[in-house]
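Structure first, commentary second.
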Amino acid sequence: MNNTCVLVTCPMFTYLEQELETRFNLFKLWDHSSSKAEFFNNYSSSIKAVVGNTKVGADAKLIDSLPNLEIVASYSVGLDKIDLDKCKQRGIKVTNTPDVLTDDVADLAIGLALAVLRKVCVCDQFVRSGNWINGDFGLATKFSGKSVGIVGLGRIGSAIAKRAEAFQCPISYHSRSKKPNTNYKYYLNIVDLAANCEILVVACALTEETHHIVNRKVIDALGPKGFLINIARGAHVDEPELVSALLEGRLGGAGLDVFENEPEPPEQLFALDNVVLVPHVGSDTGETSKAMADLVISNLEAHFKGKPLLTPVI
Amino acid sequence: MESIGVLMVCPMNSYLEHELEKRFNLFRFWTVPEKSAFLATNKNSIRAVVGNSSAGADAELIEVLPKLEIVASFSVGLDKIDLAKCKEKGIRVTNTPDVLTDDVADLAIGLMLAVLRKLCESDRYVRSGKWKKGDYRLTTKFTGKKVGIIGLGRIGMAVAKRAEAFSCPISYYSRTEKPEIKYKYYPGVVELAANCDILVVACSLTEETLHIINREVIDALGPKGVLINVGRGPHVDEPELVSALVERRLGGAGLDVFEHEPEVPEELFGLDNVVLLPHVGSGTVETRQAMADLVIGNLEAHFLNRPLLTPVV
């Protein structure tokens, strides 16, 4: 397989690149950024696989420029950066990395909720600045028992629910359709979900339908004592609406791992003490990154050996 | 009851002060410039003391209040109260168990997640604008890590129940094994530390548990281990902990309590593998109100000759 040409779209994980290099003829798209036309002229017809991620996937333009592309293996579970229709049309296989990252993302959702409600980062800063000598910190908000509303009850949404239940949080959810095997309360309308929970967690896939699913109406329904946790995609939220709601005190707080224009979150949030902002680290642990990389490699190996894909999407 | 003197030893909660004032003759000890003179003048009217985790009722104070009948602590911990002296003199003691269990357990889990996933560091990274220059580095997965708990009381059990939802195998050390509990018991703290990834201090502070986390335990926990302390600062040999963290002989720590609050060892301030909190274990609006109501409830019950709600002695 050493002659098989694989294109990786952007730097994602050194271990993954190393493993790809030992097995394939690996091309790094960012090495050719100044001479893109030349690169594509020379190599486009040799490239059989693309490895993408949440930043740079495989859009129509890239797919069109690779006439012999057979498979897109995403180093992510989210597929919003891949033109799935185009892949279906061309008969190009697509794989992602589900399950191996579910725990990490769910852990982060709970970690963000605890950090926001209990003001963990603000307190840590308070101690490090030496201010404790001048008086105790103020009071925060209890997490246990708060009602948690989850948008999207897939693998990650269910894992978040299971964890929140251990804190006695009543769970409710909104998704395209009611899920048969759960006792959680279902809301057909996301505004109703937001009106009836204290912590709203976004955990669904990003599609045309879910773009800006958290809009002004939802934010208003969540209200000045409500909290938004987003561990999904920045585009799920109408970000300017979110920012003004937070600045004006119309929303209680937010824990955000994703933003509309990564890596540039809205700077107006930086001075707020009722938000926790992390740089899209949902699955970024050593353990999970390796597991995701191994899954990408295994899917590619399976494909080129004519064996069944491990985690095919199409 | 307005003539009953109640001495509050330090500021703790305005709602509590307000409620005490409505019912009793409240003395705010911290506002008194000449404490001995004050006590000499008022000792015969003070029938109750309200303390907390910072200041309680030591032998010296108890001795100087001949009419003291009850010490009501705005805390569950009793380490600032001379219980033996209270027993000797027939003084009742109450605390605030149960109402704060969830908050403290929540904070323990919050500290674990914040330390392992470097949440505060990442938040600082974003706010400083560094994300534009590159991604933050990889951290450590929490789910599935082995959690060892020292003290399997109300708080310890609540921590265990939460950690189980993250598929963390639970083990514990306590004075006696609890046969009805399915978690793995270790008869010694060093053994527990050697066999877990995250060690949580959740026991009460007594002579026996002073510095229960010492050099040996820290060494056993090791460079990949994390210490979480939601107990009391004196549970830990703090200088040993600090040098282990600075020298990377211990993987990380999440600390809500310190030996000399509100002073925290400054060597910790520059570390990225610690989360430091200003003793906020029960510090939520909801829980402090519940704790205050319990203090009031206990005092009222006592002075109305009814059974105490949460007596210790």
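The values are calculated or read from the model by the stated rules, or taken from the named source; none is laboratory data. All figures in this text were calculated on a predicted structure; none of them were measured in a lab. When we count neighbours, we look across all protein chains shown, and the Cβ atoms used for this are built from the backbone with ideal geometry, even at glycine. Keep in mind that these areas ignore ligands, DNA and RNA; they rest on the heavy atoms of the full protein, side chains included. Shrake-Rupley method; radii C 1.70, N 1.55, O 1.52, S 1.80 Å.
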Subject >> Surface per residue (accessible, 1.4 Å probe) for region A:137-250, Å² >> reply: 44 Å²
Subject >> Members of region A:82-119 that become less accessible by 50 Å² or more once partner protein chains are added (1.4 angstrom probe, chain alone as reference) >> reply: A:107, A:114, A:118
Original post:
With the contact rule set at Cα under 8 Å and sequence spacing of 6 or more, what percent relative contact order holds for chain B?
Top reply: 17 percent
**OP:** Heads up, I need the accessible area for residue B:174: 1.4 angstrom probe, whole protein in place, Å², nearest 10.
**Re:** 10 Å²
Subject >> Within region A:227-265: backbone nitrogen closer than 17 Å to the residue A:215 label point (7 Å, Cα to C-beta) >> reply: A:235-245
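Is region B:35-109 rounded, prolate or oblate when judged by the Cα gyration tensor, a ≥ b ≥ c being the square roots of its eigenvalues, rounded requiring a/c under 1.5 and prolate requiring a/b larger than b/c? Mind dumping the intermediate values first?
Numbers: a/c = 2.76, a/b = 2.22, b/c = 1.25.
Prolate, because a/c is 1.5 or more and a/b exceeds b/c.
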Original post:
Roughly how tilted is helix A:155-165, in degrees to the nearest 10 and between 0 and 90, from the longest Cα axis of chain A?
Top reply: 20 degrees
Original post:
Extent of region A:236-289 along each principal axis, from alpha carbon coordinates, in Å, largest to smallest?
Top reply: 40, 20, 18
**OP:** Mind grabbing the accessible area of residue B:140 for me, 1.4 Å probe, Å², rounded to tens?
**Re:** 60 Å²
Subject >> Additional length obtainable on full extension of the chain from residue B:263 to residue B:30, 0.36 nm per residue less Cα span >> reply: 82.0 nm
**OP:** Hey, can you find the accessible area per residue of region A:1-122 for me, probe 1.4 Å, expressed in square angstrom?
**Re:** 40 Å²
Original post:
Mean 1/r over all different Cα pairs, inverted: what Kirkwood radius does region B:100-276 give, in Å?
Top reply: 16.3 Å
**OP:** Please give the helix A:286-304 orientation as an angle from the longest Cα principal axis of chain A, in degrees from 0 to 90, rounded to the nearest 10.
**Re:** 30 degrees
Original post:
Taking only the alpha carbons of the protein assembly as shown, what extent do you get along each of the three principal axes, in Å, biggest first?
Top reply: 96, 53, 45
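Whole number please: convex hull volume per residue of the Cα set in region A:179-314, in Å³? Write down the numbers at each step before the final one.
Details: hull volume 21.2 nm³, N = 136.
Taking only Cα atoms, region A:179-314 has a hull volume of 156 Å³ per residue.
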Subject >> Whole-percent carbon and sulfur share, accessible surface of the protein assembly as shown, 1.4 Å >> reply: 48 percent
**OP:** Can you pull the one-decimal nm distance between simple spin-label points at residue B:67 and residue A:89, each 7 Å off the Cα toward Cβ?
**Re:** 9.1 nm
Subject >> A/B buried area, accessible surface, summed, 1.4 Å probe, Å² >> reply: 5000 Å²
Subject >> For chain A, built as a Gaussian network whose Cα springs stay under 10 Å, the top-fluctuating residue of A:212, A:280, A:32 >> reply: A:32
**OP:** From zero up to wherever the largest Cα-Cα distance of chain B sits, split into 20 Å bins and tell me the percent of pairs in each.
**Re:** 31, 51, 18, 0
Original post:
With every protein chain left in place, what is the accessible area of residue A:172 in Å² (1.4 Å probe, nearest 10)?
Top reply: 10 Å²
Subject >> Backbone N under 13 Å from the residue B:137 label point (7 Å along Cα→Cβ), restricted to region A:263-304 >> reply: A:286
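Using helices alone, what [θ] at 222 nm do you get for chain B, with -39,500 (n - 2.57) per DSSP H run of 4 or more residues, divided over all residues and rounded to the nearest 500? Write out the running numbers ahead of the final one.
Values: 11 runs with 107 residues, N = 313.
The per-residue figure over chain B is -10000 deg cm²/dmol.
Can you compute the FRET efficiency between residue B:175 and residue A:162 using 1/(1 + (r/R0)^6), with r the Cβ-Cβ distance and R0 = 35 Å? Round to the nearest 0.05. Show your work: numbers first, answer last.
Numbers: r = 33 Å, r/R0 = 0.93.
Here the calculated transfer efficiency is 0.60.
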**OP:** Please quote Rg/Rh for chain A to two decimal places, taking the Kirkwood radius as Rh and restricting both calculations to Cα atoms.
**Re:** 1.02
Original post:
Put simply, what bits of region B:114-132 lose 40 Å² or more of accessible area when the other protein chains are there, versus the chain on its own (1.4 Å probe)?
Top reply: B:117, B:119, B:120, B:123, B:124, B:126, B:127, B:131, B:132
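With every protein chain left in place, what is the accessible area per residue of region B:100-276 in square angstrom, probe 1.4 Å? Please list the in-between numbers first.
On the way: 6890 Å² over 177 residues.
Solvent-accessible surface per residue comes out at 39 Å².
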Subject >> Extension gain (nm, one decimal) between residue A:273 and residue A:30, 0.36 nm per residue minus Cα-Cα >> reply: 83.7 nm
Original post:
Which helices pass in chain B if a helix is a full DSSP H run, must span at least 24 angstrom along its long axis by Cα, and must have mean Kyte-Doolittle hydropathy not below -1.0?
Top reply: B:285-303
